[in-house]
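Step one of this worksheet: look at the structure below.
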Amino acid sequence: MNGHRSNRPSFKTHVHVHEEILLNEYWFGGGRPVMGKQFTAAKAAERRITLLGILGRAARRHRKLGDDRLGSRLELLNQKLKACRPQHRCGSLPCPECSRAFQRAKVAGQIIAIRRLKGTRVGKRVVMANVIPLWMTYSPEQLTHLDVRNLNRWLKDALTRGGFKRVMLGSVDFSWEADRGLYQPHWHIAMFTSNREALQRRLKLIFPSLARGDRPAVVSKSYSLGFLPYKDKAVKIVELLRNNRRGLPYLLLALDRLDPLELMVLMRLRVSAQNGELQFKPIR
Ligand SMILES: [Zn+2]
């Protein structure tokens, strides 16, 4: 075993899949699938340096305030991200380079899976459903208790109770609601439908509005699979760096505890790895 592995979180599932992606440097470079000009390998490398600064400053600030525990956790994360390099990837979600690699591997695998599924779904089209459980929110400090596995299990149960049996490829995302000072988890889910309006009505039963103007369940048409990188981005890091630098260290600590593969919610599909690539196969 390589010594650097001791620095990794020990996720109970997906260990093999996780390692395969990190050892495939293709995902850390350019080429297909393209993530957009804000998310090139060079931008990710730059962003990692920016985060090192943010984590280092936050660690010193919390130490000065007498919170050594939080200070040490931030310092450890800073060191982990600092040590990330080819063949010794940190594999941590807050690492812009590693999270981009996971995002690209997921998108590449899903493009193949969706094209294959399409062949047997005549008259149906791929749509992206955005669903928000408006009553589930986290303050920056509450993120310490975030359990993404529970959150995703709740979604799967709710969809199953709602009578959904179709294949779905979903991913959780945490947006920062500046006016409320809260992080709002929500999901982007790719699925097939022959009736977009009916599907949206069914999803609204699971994701009700709390106030006028809320749009907690929206199903959008997709003309290509170009929405997949957006679906699998995990957090909107560009916006967070712009408007929530203060709360960002808490989010980074919370993300560090999560397995990048567990951000996904798969219905009637399972994920595996082969030759450094992800494969999504139907469960029959
Ligand atoms: Zn990394």
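The values are calculated or read from the model by the stated rules, or taken from the named source; none is laboratory data. Since the structure is predicted, the reported quantities are computational estimates derived from the model, not experimental observations. For neighbour counting, all protein chains shown are included, and Cβ atoms are generated from backbone atoms with ideal geometry for every residue, glycine included.
Quick grid of which residues meet (1) away from the ligand (no atom under 16 Å from the Cβ); (2) aromatic (Phe, Trp, Tyr); (3) not in a loop (DSSP other than H, G, I, E, B):
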| position | (1), (2), (3) |
| --- | --- |
| Ala105 | no, no, yes |
| Gly109 | yes, no, yes |
| Ile112 | yes, no, yes |
| Arg115 | yes, no, yes |
| Thr120 | yes, no, no |
| Val127 | yes, no, yes |
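Within segment 60-92, the set of residues being part of a loop (DSSP other than H, G, I, E, B), away from the ligand (no atom under 12 Å from the Cβ) and farther than 17 Å from Thr144 by Cβ comprises Gly66 only. For segment 229-272, a residue qualifies if it is farther than 19 Å from Leu51 by Cα, in contact (Cβ under 8 Å) with a residue 24 or more places away in the chain and out of contact with any His (no Cβ under 9 Å at 6 or more places or on another chain), and the qualifying residues are Pro229, Leu263, Met264, Val265, Leu266, Met267, Arg268, Leu269. Examine segment 36-56 for a residue that is more than 15 Å from the ligand (Cβ to nearest atom), closer than 21 Å to Leu251 by Cβ, β-branched (Val, Ile, Thr) and surrounded by fewer than 20 Cβ atoms within 10 Å (Cβ to Cβ), and state whether such a residue exists. Within segment 36-56, one or more residues are more than 15 Å from the ligand (Cβ to nearest atom), closer than 21 Å to Leu251 by Cβ, β-branched (Val, Ile, Thr) and surrounded by fewer than 20 Cβ atoms within 10 Å (Cβ to Cβ).
Against the test of being loosely packed, with under 12 Cβ neighbours inside 10 Å, out of contact with any Phe, Trp or Tyr (no Cβ under 7 Å at 6 or more places or on another chain), at pLDDT below 95 and not in a strand (DSSP E or B), the options Asp157, Asp179 yield a single qualifying residue, Asp179. When every residue of segment 132-153 is checked against the conditions, none turns out to be of a type in the set (Gly, Ala, Ser) and surrounded by 14 or more Cβ atoms within 10 Å (Cβ to Cβ). Among the residues of segment 32-53, not a single one is in contact with a Cys (Cβ under 7 Å, 6 or more places away or on another chain) and within 30 Å of Tyr223 (Cα to Cα).
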